[in-house]
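What follows is calculated from the coordinates using simple rules that are stated; it is not laboratory data. Keep in mind that what you see is a predicted model, and the values were worked out from it rather than measured. Cβ: placed from backbone, ideal geometry, glycine included. Neighbour counts: every protein chain shown.
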Amino acid sequence: MTRCLWTILAVVALLPVLSGCPEPEPDPDEVTWACEEPNNGNREYSELVLVPGGTFTMGVDEAPATGTTWEKGDERPPHQVEVGPFCMAKYEVTIQQYEDCVREGVCDPSGLNWDNDGSRDYETVANHLPDKCYPDLAECWDTAVNAKNYFQATEYCEWTGGRLCTEAEWEYAAKGPTDERKDHPWGNDPPTEELCNIPSTGPGWVLETWMHEEGQSEFGIFNLTGNVFEWVYDGYAEYEDTGEVQVDPVVEPDGEDGEYIGRGSCFFTEPYRSTTERTVWPAQFDWG
């Protein structure tokens, strides 16, 4: 079955409490400095922005959309969540960024290879790209990388000095501090070509990470809807409304036998509510 291929996550979040920040409430100025002045790992590869943290309603009180291509994790019930401040990559991870990690002997270059003949001087496998990208992938260095599984995503993020966002962090970054329903990072207006790359608006392949400025979230993060799916850190579990605000919730991943969550839709899937939809795949899914 043809599946949309994942990026290694557009958003690489740093630990919510950063070195030098006072406890228990981090100083926003200190967090901003940490986002602007990366000082470990390879964070210079990602332009980071501050997501200041706050409280919001996670999920919706409706069943997932029916008749969709992908299996959905249930988006119910809505529940109150608080997340602390963190730094998030402004753009999705590019082919060049991932290739740099491969050339350092850290990242695994493999992936499902649909579109090229293997005649290249780079190792990273990517697909669903414009014709100009073949056979020279360097023509598309700033296109989002795809065809990478959960563990490849984790590996890359650790190489940068960061980690994958939790599911709560990802949804907060897409919606912002609100109790109102917000179907897309830009609001509730329907998707257009200027806002995102999905089947009804895009050309049918992965695009450059800097595109769709009009569709960015209120925090200035690009392509949280469409282009490529984004892995999050959490394993899959149904939501629970405890009646209390859940602080930085996370479902610990369950190794190679677990199920993992992707967010944001992609060029190949038509989202109904792109800020809340949950797509679930087993970690062992064979990307080729």
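Is the shape of segment 75-220 best called rounded, prolate or oblate, per the rule: a/c under 1.5 gives rounded, else a/b larger than b/c gives prolate, else oblate, with a ≥ b ≥ c the square roots of the Cα gyration tensor eigenvalues?
oblate
Would you please calculate the Kirkwood hydrodynamic radius of segment 135-208 over all C-alpha pairs and express it in Å, rounded to one decimal?
Computed over Cα pairs of segment 135-208, the Kirkwood hydrodynamic radius comes out at 15.2 Å.
Treating only the Cβ of Lys, Arg, Asp and Glu as charged (+1, +1, -1, -1), what charge dipole size does segment 56-209 show about its Cα centre? Round to the nearest 20 debye.
That gives segment 56-209 a dipole magnitude of about 180 debye.
At a temperature of 25 °C and a viscosity of 0.890 mPa s, determine how fast segment 221-279 diffuses translationally according to Stokes-Einstein, using the Kirkwood radius over alpha-carbon pairs as Rh; express D in µm²/s, rounded to the nearest whole number.
Taking Rh from Cα pairs, D becomes 190 µm²/s.
Which ordering of 217, 200, 110 is given by a fewest-first count of other beta-carbon atoms within 10 Å?
By the 10 Å Cβ count, ascending, the order reads 200, 110, 217.
Rounded if a/c is under 1.5, else prolate if a/b beats b/c, else oblate: with a ≥ b ≥ c from the C-alpha gyration tensor eigenvalues square-rooted, which is segment 167-288?
Oblate, because a/c is 1.5 or more while a/b does not exceed b/c.
Gap in Å between the Cα centre of segment 228-288 and the Cα centre of segment 136-212?
14 Å
Among the lysines, which have Cα under 25 Å from the Cα of residue 72 when same-chain residues fewer than 8 positions away are ignored?
Straight-distance partners of residue 72: 148, 175, 182.
If each residue's Cβ is checked for other Cβ atoms within 10 Å, how do 159, 205 rank with the fewest at the top?
Final ranking by Cβ density, sparse to dense: 205, 159.
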